[in-house]
Every structure is written in structure tokens, then in C-alpha cells.
Amino acid sequence: MLSLMHTLESERPPDYLARLAASAVGRAYKSLVVDEMRIERCSTVLDLGCGPGADLEAFAAATGREGRVIGIDSDVDVIAVATGLVGDVAGVEVLVGDVHHLPLADQSVDRVHTDRVLQHVEHPASVVREAARVLRPGGVAVLAEPDWDTLVIDFPDPAVPVAYRRFITERAVRNARIGRQVPDLCERQGLRATRVLPVTSVYRDAVEADQVFGFQRVTSRAVEAGYLSVPDGTAWLRHLRTERFFASVSLFVTLAEKPDS
């Protein structure tokens, strides 16, 4: 097994996001999301927090050459990566922008998509409000967001992974329980949450899991914050490197429609 000491902490965010999208887990749930979006030919799809553009080509293939795909992200670096990836794809444009204040007209898109974006934003309700504003009547928002309270990692002392998870939910992720909250957020903004699909990812390989969890970096922060003792943190990382590995976490894919009237 490769050492977990070389973690994603040393990589740029576009590298991490692209590797996650290319993983077996990433491909599986992204394919599900595209299917559930029911994208029609010649439609307009908006990808909020598009990152390095991992989903834009699939959306473009679904809309066809006469459709339009818009990716928006506030990170200039990842937008540059996305531009390099899809710059030659017909009908696709990527913009630097704030997902709390979209540079789009009311009722101008048919589908809105997020993938693990609302967990990081300052005001999730404002982002969902903007999604509802730009959706046309009959349009659909498909929001895939995690709930970090579902994180399970096997370890001989169960108190250690519980403390590790508490650090993530209380300190590391701004909106750690957003997956369970999205349906209510949508309903409050005039959207009708019609389906919620749970997607549980199970990892048996620590190196693959590290692409999502960044164990060394997060454990170091948990120790610094007092959630784990130094001995517990050391034993935890040693176990992840050398013993059989099991972890799982769930995200929830919420489908919300904008009523026709």
C-alpha cells in the first residue's frame, strides 16, 4: 500500500477534484446523477461550483450541439482548468462568479446541478434561492450533497473515529449536514422536492479513500483542535496505513422541480 503520508494536502484542488471524479465511486454516482437530471436536447444546464469541469462534457453530450451548458465557480484556478478541458466543446461556457449571486436572467435555464458544493458555501439558502430564480417553470434542480454524520471508519477503539467525525462535522466542513437539509431548503424557495436518492460510498482501499478524506491533513488538524490526542492520532494513521481498511459515507441526491405555475 502506498503511504498515506503523501496525501491530497500536497495537491492543487483541481487535481483532487479531477481524481475524485475519475475514481470508481465518482464515476458511479455521477452517472446516476446525469440519468436523474433527464436532460433534454437543446436545453440549458447550469453547473454551480463546476470546479475543473468534470461534469460539463457529460452535460454537453446530453444537451447536444444546439444546447447550452454553463459552469460557474468562484475559483479562478479551477475555471482555468475547466476552460482547458471544455474550451473546444460546442455550447459550453465557464464563468468566474459567485453562486450566491448568479449573472443569469430569471427563468433562463432548464437544469441546475450541484455536486458537493453547498457543503462549502456561506449561505446555502441563498444559493438555492438563486437556483430557483434562474430555473424555468418545469425545470429541475439536482443537488448532490453529503451528510458527514454518516461517515463510518473501522478502528479497534470506536471512540477515535467518532472523535474524528466530530471534528469534521463541527470544525472542518462548514455545512457538514447539508445533505439532509437540502429538501427543506428547496421547499422554502418554492421548489418541489420530488425525490431524494441516498448514495452510500464504501471504500476498502485506504489510498482510494484518501482522495476523498485526506487523512493525514484532517487528523493533524483534529489533534491540534483537541479532538484527538497525539497518541490516538498516531495510532489512527498507523492503522489506516497498515491494517485492513473499511470506510463509508453517504450523500443525498435531491431532485426538486419548479412548478409550472
Counting only residues 5 or more places away or on other chains, whose amide H sits under 5 Å from the amide H of Thr150 once H atoms are built in the peptide plane? Ser250
Can you work out the Karplus-derived ³J(HN,Hα) for every residue in the range 93-106? Use 6.51 cos²θ - 1.76 cosθ + 1.60 with θ = phi - 60°, whole Hz, and x for glycine or proline. 9, 10, 10, 7, x, 9, 5, 7, 9, 6, x, 9, 6, 4
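Nothing charged except the Cβ atoms of Lys and Arg (+1) and of Asp and Glu (-1): what's the magnitude of the dipole of the range 165-211 about its Cα centre? Round to the nearest 20 debye.
Values: 10 positive and 6 negative charges, 53 e Å.
The dipole magnitude comes to about 260 debye.
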Relative contact order for the range 8-257: what percent, with Cα pairs under 8 Å and sequence separation of 6 or more? 19 percent
Show the residues, 5+ positions off or on another chain, whose built amide H is closer than 5 Å to the amide H of Arg116. Ala144, Glu145
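Divide by every residue of the chain the summed helix terms, -39500 (n - 2.57) for each DSSP H run of at least 4, and state the resulting mean residue ellipticity at 222 nm, rounded to the nearest 500 deg cm²/dmol.
Computed ellipticity for the chain at 222 nm equals -12000 deg cm²/dmol.
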The range 56-111, Cα convex hull volume normalised per residue, Å³: 78 Å³
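At a temperature of 20 °C and a viscosity of 1.002 mPa s, determine how fast the range 126-251 diffuses translationally according to Stokes-Einstein, using the Kirkwood radius over alpha-carbon pairs as Rh; express D in µm²/s, rounded to the nearest whole number. Could the numbers behind the result be given before it?
Working: Rh = 16.3 Å.
Reported coefficient: 132 µm²/s.
About the Cα centre, and with charges only on the beta carbon of Lys, Arg (+1) and Asp, Glu (-1), how big is the dipole of the chain? Nearest 20 debye, please.
Values: 29 positive and 37 negative charges, 87 e Å.
Dipole magnitude for the chain comes out near 420 debye.
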Gly71 long-range amide H proximity, modeled H, under 5 Å: Asp47, Glu93, Val94, Leu95
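Just flag the GluC sites (Glu not before Pro) in the range 71-163 sitting in loop per DSSP whose Cβ has no more than 13 other Cβ atoms within 10 Å. The partial results should precede the final answer.
Working: sites: Glu93, Glu122, Glu130; in loops: Glu122.
Counting only loop positions with at most 13 other Cβ atoms within 10 Å, the GluC sites (Glu not before Pro) in the range 71-163 are Glu122.
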What do you get when you divide the Cα radius of gyration of the chain by 2.2 N^0.38 Å, with N the number of residues? 1.04
What does the highest-first list of 106-113, 191-198 look like by mean Cβ count within 10 Å? 106-113, 191-198
Karplus-derived 3J(HN,Hα) from phi for the range 57-72 (6.51 cos²θ - 1.76 cosθ + 1.60, θ = phi - 60°), whole Hz, x at Gly and Pro, runs 5, 5, 5, 5, 5, 6, 7, x, 5, 8, x, 9, 10, 10, x, 10
Set Lys and Arg Cβ to +1 and Asp and Glu Cβ to -1, take the dipole of the chain about its Cα centre, and tell me which of Gly71, Gln119, Val89 lies farthest positive. Gln119
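None of the figures in this text is laboratory data; all of them are computed from the coordinates on show. Fair warning: this is a prediction, and the values are worked out from it, not measured in the lab. FYI the Cβ positions are ideal-geometry reconstructions off the backbone, even for glycines, and counts take in every protein chain you see.
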